[in-house]
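The values are calculated or read from the model by the stated rules, or taken from the named source; none is laboratory data. Quick caveat, the model's predicted, so the values are computed rather than measured. Cβ: placed from backbone, ideal geometry, glycine included. Neighbour counts: every protein chain shown.
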Amino acid sequence: MEKKFSNPKITLKGENRASVSLTELKSLWFNTGTRCNLECENCYIESSPTNDRLSYISTKDVSTYLEEIKLNKLATEYINFTGGEPFLNPQMIDILDLVLSQGFKTIVLTNAYNIINRHKDALLDLNQRYPNYLKIRVSLDHYTLDVHEKERGKNTFIKTVQNIKWLGDNNFEVSIAGRSLVHESNKEAIDGYKKLFSDHQIKLEISSENLIIFPEMISQEDVPEITTKCWDVLGISPRSMMCSTERMIVKKKGEETPVVLPCTLLAYDKQFELGSSLMKSEKEVYLNHEYCAKFCVLGGASCSG
C-alpha cells in the first residue's frame, strides 16, 4: 500500500509536491558525528554514546569545503556545527580554530553537559582571539528541571544551567534551543527562561532573538504533505526554508568522502544526498519527508540565526 512521502515529486493525492531551490549558500553545517554523551528521548538523529552511523568529521574534511567556498566565491557567512555532541569530536577545537581563522562566523550546537568542561580553556582562548565570531547554542529543553530531564535524563539540568552561567560570565555569545510544549505560548516560554536565568544570575537577556523553540520531531507522525499550492495557501515563501540558503555535510560510517545534504534534519535518508561537493548540491529539493512539513513549513523553524 502506497504511503505519504513515498514519491519524490507527487503526493499521495496525486498533487505536485512542493520543492525549494538554493538561492545562495549563506550557512554551511557540519555534522561532527552522531556520538553523544546523552541519549535523549526524541532526538531526531538518534544520537547516543554508541551511535556511530555518522563518523567524526575531520579538520581535513572541513578544510576541503572551506576551499570550495573560497574558490567559487560563495556567499557563505556561517560555518556551523551540530551532532551528536560536537565537543566529543577529538578535532573539534582545531576545526573551530580553522574556521574562525578564515573569517567565518560559527554556531556550535551543544548540550553543554560535562563534555564541554574538557575544552573550557581552549574555548576561552578562541573567544578572546575571535570576538563576536563564536556563538554557542545550548540545548536546554525547558526552563523547568522536570521537563528537561524527561528528555535528557536525570541530573542533567543543573549542570547544563551552570555551564550556561559560565559561558555568560566569560562573555560568550549564547543562545538557547528549547522545545515547544503544546499548552505553552512563546511568551510563556520566554518569561520562564527569563526567570530561570534571573534566579541563577546568568548574564543572558532572553528574547525571541536568542531563544529558539523547536517543535518536537516525532518520527512517523501524521502530518500533511506539502504541495505547490501550499505556498500561497499558507502565505509562506520557499525562500524562507532552510534548504533555500543552507546545506549540511555528513560523513557516513565506512565512507571516505562526506556528502552534502539540504539541511540538518535528514541525515540518513539517501534520497536527500546531493553529491560530494557544494557546487553539485545546487539542486531542487523536493519536500518529501515528514520533517519538511512538521519542522520547516508548518513549524516555521530554522537552525541558523
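Contact map, the range 276-294: residues that are closer than 30 Å to Glu67 by Cβ and in a helix (DSSP H, G or I) paired with residues that are among the polar types (S, T, N, Q) and at pLDDT 95 or above, Cβ distance under 7 Å, separation 6+ or inter-chain. Pairs shown: Met279/Asn72.
If you scan the range 65-81, which residues turn out to be of a type in the set (Val, Ile, Thr) and crowded, with 22+ Cβ neighbours inside 10 Å? Even if it seems obvious, please write down each step before you answer.
Taking the range 65-81 as the starting set, the residues that turn out to be of a type in the set (Val, Ile, Thr) are 69, 76, 79.
Thr76, Ile79 - these are the residues of the range 65-81 that are of a type in the set (Val, Ile, Thr) and crowded, with 22+ Cβ neighbours inside 10 Å.
Would you point out the residue of the range 241-272, among those that are in a helix (DSSP H, G or I) and free of Cβ contacts under 8 Å to residues at least 60 places away in the same chain, that is nearest to the chain's Cα centre (by Cα)? Spell out how you get there, then give the answer.
Residues of the range 241-272 in a helix (DSSP H, G or I): 242-244, 270-272.
Narrowing the set further to residues that are free of Cβ contacts under 8 Å to residues at least 60 places away in the same chain leaves 270, 272.
On the way: Lys270: 19, Phe272: 16 Å.
Across the range 241-272, the extreme among qualifying residues is Phe272.
What do you reckon, is Leu98 surrounded by 18 or more Cβ atoms within 10 Å (Cβ to Cβ), farther than 20 Å from Cys36 by Cβ and without any contact (Cβ under 8 Å) to a residue 40 or more places away in the chain? Against the criterion (surrounded by 18 or more Cβ atoms within 10 Å (Cβ to Cβ), farther than 20 Å from Cys36 by Cβ and without any contact (Cβ under 8 Å) to a residue 40 or more places away in the chain), Leu98 does not qualify.
Buried (at least 20 other Cβ atoms within 10 Å of the Cβ) and not β-branched (Val, Ile, Thr): does that describe Leu234? It is false that Leu234 is buried (at least 20 other Cβ atoms within 10 Å of the Cβ) and not β-branched (Val, Ile, Thr). Residues satisfying the criterion are present in the range 250-257 (criterion: touching a Ser or Thr at 6+ places or on another chain (Cβ under 8 Å), within 22 Å of Thr106 (Cβ to Cβ) and modelled with pLDDT of 95 or more). Go through (1) more than 20 Å from the chain's Cα centre (by Cα); (2) of a type in the set (Phe, Trp, Tyr); (3) modelled with pLDDT of 95 or more and name the single condition Tyr193 misses. Among (1) more than 20 Å from the chain's Cα centre (by Cα); (2) of a type in the set (Phe, Trp, Tyr); (3) modelled with pLDDT of 95 or more, Tyr193 violates only (3).
Looking only at residues of the range 246-259 that are surrounded by fewer than 22 Cβ atoms within 10 Å (Cβ to Cβ) and out of contact with any helix residue (DSSP H, G or I) (no Cβ under 7 Å at 6 or more places or on another chain), we find that the one that is farthest from Tyr291 (Cα to Cα) is Glu256. Every listed requirement among (1) without any contact (Cβ under 8 Å) to a residue 60 or more places away in the chain; (2) in contact with a Pro (Cβ under 9 Å, 6 or more places away or on another chain); (3) surrounded by fewer than 17 Cβ atoms within 10 Å (Cβ to Cβ) is met by Asp199 save one, (2).
Results for (1) of a type in the set (Lys, Arg); (2) in contact with a helix residue (DSSP H, G or I) (Cβ under 6 Å, 6 or more places away or on another chain); (3) without any contact (Cβ under 8 Å) to a residue 12 or more places away in the chain, shown as yes or no for each residue.
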site: Lys4; (1), (2), (3): yes, no, no
site: Asn7; (1), (2), (3): no, no, no
site: Leu12; (1), (2), (3): no, no, no
site: Lys26; (1), (2), (3): yes, no, no
site: Asn37; (1), (2), (3): no, yes, no
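Inspect all residues belonging to the range 260-277 and state whether any of them is touching a Gly at 6+ places or on another chain (Cβ under 8 Å), closer than 24 Å to Ile95 by Cβ and surrounded by 20 or more Cβ atoms within 10 Å (Cβ to Cβ).
Of the residues in the range 260-277, the ones touching a Gly at 6+ places or on another chain (Cβ under 8 Å) are 260.
Retained after the next criterion (residues that are closer than 24 Å to Ile95 by Cβ): 260.
Still in the list and also surrounded by 20 or more Cβ atoms within 10 Å (Cβ to Cβ): 260.
There is at least one residue in the range 260-277 that is touching a Gly at 6+ places or on another chain (Cβ under 8 Å), closer than 24 Å to Ile95 by Cβ and surrounded by 20 or more Cβ atoms within 10 Å (Cβ to Cβ).
Here the condition is being surrounded by 15 or more Cβ atoms within 10 Å (Cβ to Cβ), more than 26 Å from Gly299 (Cβ to Cβ) and without any contact (Cβ under 8 Å) to a residue 60 or more places away in the chain; of His148, His119, it holds for His119 alone. Assessment of the range 2-19 against the conditions (at pLDDT 95 or above, out of contact with any strand residue (DSSP E or B) (no Cβ under 7 Å at 6 or more places or on another chain), assigned to a loop (DSSP other than H, G, I, E, B) and buried (at least 16 other Cβ atoms within 10 Å of the Cβ)) yields no matching residue.
Among the residues of the range 82-92 satisfying the criterion of being of a type outside the set (Val, Ile, Thr) and surrounded by 20 or more Cβ atoms within 10 Å (Cβ to Cβ), which is nearest to Glu246 (Cα to Cα)? Spell out how you get there, then give the answer.
Pass one, the range 82-92, residues of a type outside the set (Val, Ile, Thr): 83-92.
Now narrow it down to the ones that are surrounded by 20 or more Cβ atoms within 10 Å (Cβ to Cβ): 83-89, 92.
Numbers: Gly83: 16, Gly84: 19, Glu85: 20, Pro86: 19, Phe87: 22, Leu88: 24, Asn89: 22, Met92: 21 Å.
The selected residue is Gly83.
Every residue, every condition in (1) in contact (Cβ under 8 Å) with a residue 40 or more places away in the chain; (2) of a type in the set (S, T, N, Q); (3) in a loop (DSSP other than H, G, I, E, B), yes or no:
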site: Lys187; (1), (2), (3): no, no, no
site: Tyr193; (1), (2), (3): yes, no, no
site: Trp231; (1), (2), (3): yes, no, no
site: Leu274; (1), (2), (3): no, no, yes
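The condition of being at pLDDT 95 or above, surrounded by 19 or more Cβ atoms within 10 Å (Cβ to Cβ), in contact with a strand residue (DSSP E or B) (Cβ under 8 Å, 6 or more places away or on another chain) and within 19 Å of Lys150 (Cα to Cα) does not hold for Ile164.
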